[in-house]
Amino acid sequence: MATPIGNASRRTELREFLMNRRARISPTQAGLPDGGARRRTPGLRREEVAVLAGVGVSWYQWLEQGRDITVSPQVLDSVGKVLKLTSAERRTLYVLAGLNPPAPEVDPAHADMCQGLQRLIDAWMPFPAHIMDAYWNTVMYNDAAALVLGMRPEIVQNCLVAFFTDPVYRSRSTCWEELAVNVVAQYRAAASERPGDEGFGAVIEEATRLSPEFAELWERRDILPGGQVRKSFQHEVVGTLLVESTQLRIPARPDLTIVLHTPLPETDTAAKLEWLTSPQGRRGSMYPVAG
């Protein structure tokens, strides 16, 4: 849907942004003849961007001059491809033009972050931490998450489905019913950001098939953003554990969410977790960490 660009300061920033990115693209990068010494300025000319993007030369000139003109997502995408914008830069272009930005995408330059993220959650030991993708599929978890939350290879590797189907997690959680309401509402909030996404549809279908409790809560259509949640567990080895679960988003990897569990001071949870993850505690745990 096309919309006019409002706000003078935003138009000014849009002009500077486009001029800056245009100067960074050489004719050779854009598939054009270099032009050699005839070029007075580096990068592409305005008319070259317009032709390559399939828009009118005057229209693009007005856009870069910061005039209050009407733009559409399709035109901005064409301009963005010519200027070779990254996913983050493309979203910036949308915002500056007054449009709702597209869903975040993973920039290829940041696709391989898994080793660093594994080091991050391992450094969170002896406290539980795990990472999930946009659909809440389990990507990785540390040893404490295995010992406390029951994360292990033999269960379904989706945090939503596992919440409703894993007997270990359910038996340890002392506030499961209360948490279930929030979990479903948070998943609906996540799914609402990407309407029509088949990945969310597949998880919802599986959870509905396996859990009548999920199906009932899903029909309530509650929406709650991910944030901090207090959780209480009754572990068979160390007793009561109180933690605060926090969801953290990674701007460079919008498809991933880090979930950190911080011990609360009640019941000496930190000390219990430290013992539980020690060699002695691991030997006493009912569900040892799989290698």
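The values are calculated or read from the model by the stated rules, or taken from the named source; none is laboratory data. Predicted model, so just to flag it, every value in this text is computed and none were measured. Heads up, the Cβs are rebuilt from the backbone with ideal geometry, glycines too, and the neighbour counts pull from every protein chain shown. Calculation scope for accessible area: heavy atoms of the full protein, side chains included, ligands and nucleic acids excluded. Shrake-Rupley method; radii C 1.70, N 1.55, O 1.52, S 1.80 Å.
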Region 151-161: number of residues that are out of contact with any Leu (no Cβ under 7 Å at 6 or more places or on another chain), farther than 20 Å from L117 by Cβ and buried (at least 21 other Cβ atoms within 10 Å of the Cβ): 1
A134 vs. criteria open to solvent by less than 30 Å² (accessible area, probe 1.4 Å), within 20 Å of N182 (Cα to Cα) and modelled with pLDDT under 95: yes
Output for region 203-246, where each listed residue is open to solvent by 30 Å² or more (accessible area, probe 1.4 Å) and of a type in the set (F, W, Y): W218
Residue list for region 174-196, filter: in a helix (DSSP H, G or I) and in contact (Cβ under 8 Å) with a residue 24 or more places away in the chain: L179, A180, V181, N182, V184, A185, Q186, Y187, R188, A189, A190, S192
Of all residues in region 247-259 being under 17 Å from F163 (Cβ atoms) and out of contact with any His (no Cβ under 8 Å at 6 or more places or on another chain), the one that is most open to solvent (accessible area, probe 1.4 Å): Q247
Residues being out of contact with any Pro (no Cβ under 8 Å at 6 or more places or on another chain), among the polar types (S, T, N, Q) and assigned to a loop (DSSP other than H, G, I, E, B) - total across region 114-173: 1
Qualifying residue in region 264-285 (condition: over 30 Å from T92 (Cα atoms), among the hydroxyl-bearing types (S, T, Y) and under 28 Å from the mean Cα position of the chain (by Cα)): no
Selected residue [more than 31 Å from the chain's Cα centre (by Cα), at pLDDT 90 or above and not β-branched (V, I, T)] from R39, R46, R67, R24: R46
Count - residues of region 165-202 that are aromatic (F, W, Y) and open to solvent by 20 Å² or more (accessible area, probe 1.4 Å): 1
